[in-house]
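What follows is a short report on a single structure.
Rule-based calculations on the coordinates, nothing more; no lab input. Nothing here was measured: the structure is a model prediction, and the numbers come from that model. All Cβ positions, even for glycine, are placed from backbone atoms using ideal geometry, and neighbour counts span all protein chains on display.
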Ligand code: RFL
Ligand code: PHB
């Protein structure tokens, strides 16, 4: 098989890239090791930055998003039970949209298949090769039979545990890493959200996040140890703890409901530099991870492929490699700012078991400052709704 851009991974990055390339008249094939049903059911992110929503609309994949997405004009920050609002609309005149990542994935797959695009699901033994020549290849097996795709370029959109990044010689890569002493226990429940907008709640018992997927489905997170045993958390305990991590007034309003998904995620920051090796370009979680407190992961993945599609478009239109050569620098500029913001939100909101009394008092002062100073809340709002992608 032959294509212009071979894409490894049908997550938000790989799928969005195939749509962007199609718009530019560039052919692509996606290979994915999971089934379509699996990737469409994988529960992850929930917040779309303002430009991500605009891009979905521009690409003609925003119909369901416009109907079902929940547009939010701000968030609440809780400080030991007291809720304070950060009004994005008033501060930076932008909004965010709550729309589950698996809904984005469903919409992108449907749109790509409707264009006649090729997505090969349930492959095994993926490998990328001949990266330093002009005809790199992707090899894989499907039903035990070997296949090879000859490409001009390969996009490694295969997530943090994929094979593309480890294929690059270790001597070429610089990795920057931070592991946090926090995990998130996340549930989805059949219950009306406690508030119309998200509540990021810092308390002396730890952090909790009250978010949602719709007007009848809540998404709730509790800070726990990163290696916490989920069996220690029967549903009743989760509800009790959620109530303790929000003021009494809000706790009284918190509706419980059937819990239909439950999991623990450890938290880390990670960046690899460079994001290119020969004709292989890494994008999304394959190149970087952020802790979820800033709601940046999926948006960053989509920003990478937007930059990559522009660079590939310039290459095919006028044989210019300047943008491809600048891909790493262009992405990293935005990635490190998202790392900074995610680190800021994470350290400001969680209870750090290693902190001294001094650290904790400084942290409360920071929460108070960020939610009472117009300058500081504008900076938070500007980053939360998404930095520019020009
Ligand atoms: P993905 O989504 O991991 O997709 C990679 C795809 O590659 C496939 N794959 C392979 N395919 C073929 N051959 C191989 N050898 C392969 N190896 C892997 C995988 O099966 C998969 O389908 O990466 P991508 O596209 O870069 O997207 C990144 C986002 O998924 C991620 O950053 C976000 O989910 C992070 N995140 C959030 N991001 C936000 O923007 N807003 C949020 O509110 C938000 N909340 C979250 C989050 C992540 C969380 N968890 C579970 C880590 C909340 C949580 C709890
Ligand atoms: C979510 O809705 O799952 C969500 C929202 C905001 C975050 C992280 C996750 O910061």
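For the pair residue 34 and residue 205, what calculated FRET efficiency results from E = 1/(1 + (r/R0)^6), where r is the Cβ-Cβ distance and R0 = 45 Å, to the nearest 0.05?
Efficiency computed from Cβ-Cβ geometry: 0.75.
Any idea how far apart residue 362 and residue 95 come out in nm if each label point goes 7 Å out from Cα toward Cβ?
Modelled inter-label distance: 3.9 nm.
Run through the DSSP bridge list for the chain and note the antiparallel percent, rounded to the nearest 5.
Antiparallel: roughly 75 percent of the beta bridges in the chain.
Can you show me the helix-derived [θ] at 222 nm for the chain, built from DSSP H runs with n ≥ 4 at -39,500 (n - 2.57) apiece and divided by the number of residues, rounded to the nearest 500.
Theoretical 222 nm ellipticity from helices: -11500 deg cm²/dmol.
Remind me, relative contact order of the chain in percent, using alpha carbon pairs under 8 angstrom and six or more residues apart?
Averaging sequence separation for qualifying contacts and normalising by length gives 21 percent for the chain.
For residue 352 and residue 175, compute 0.36 nm times the residue count separating them, minus their Cα-Cα distance, and round to one decimal in nm.
61.3 nm is the gain from fully extending residue 352 to residue 175.
When ranked by the protection proxy of mean other Cβ atoms within 10 Å per residue, highest first, what sequence do the peptides 269-277, 292-300, 137-145 form?
292-300, 269-277, 137-145
Could you work out how much longer the chain between residue 84 and residue 225 gets when fully extended? Use 0.36 nm per residue separation minus the Cα distance between them, nm to one decimal.
48.1 nm
Using the alpha-carbon atoms, what tilt in degrees (0 to 90, nearest 10) does helix 357-372 show relative to the longest principal axis of the chain?
Around 80 degrees separate the two axes.
Given a Förster distance of 35 Å, report the FRET efficiency between residue 64 and residue 369 from their Cβ-Cβ distance, rounded to the nearest 0.05.
Computed FRET efficiency for residue 64 and residue 369 comes out at 0.35.
Expressed as an acute angle from 0 to 90° and rounded to the nearest 10, what is the orientation of the C-alpha long axis of helix 235-244 relative to the principal long axis of the chain?
The angle comes out at about 60 degrees.
Given a Förster distance of 22 Å, report the FRET efficiency between residue 142 and residue 163 from their Cβ-Cβ distance, rounded to the nearest 0.05.
It comes out at approximately 0.85.
Compute the distance in nm between two label points, each set 7 Å from the Cα along the Cα-to-Cβ direction, one at residue 127 and one at residue 115.
3.1 nm
Please work out how much length the chain gains when fully extended from residue 237 to residue 214, using 0.36 nm per residue of separation minus the C-alpha to C-alpha distance, in nm with one decimal.
5.9 nm
Which percent of Cα-Cα pairs in the stretch 151-271 sits in each 10 Å bin, short to long?
12, 36, 24, 16, 10, 2
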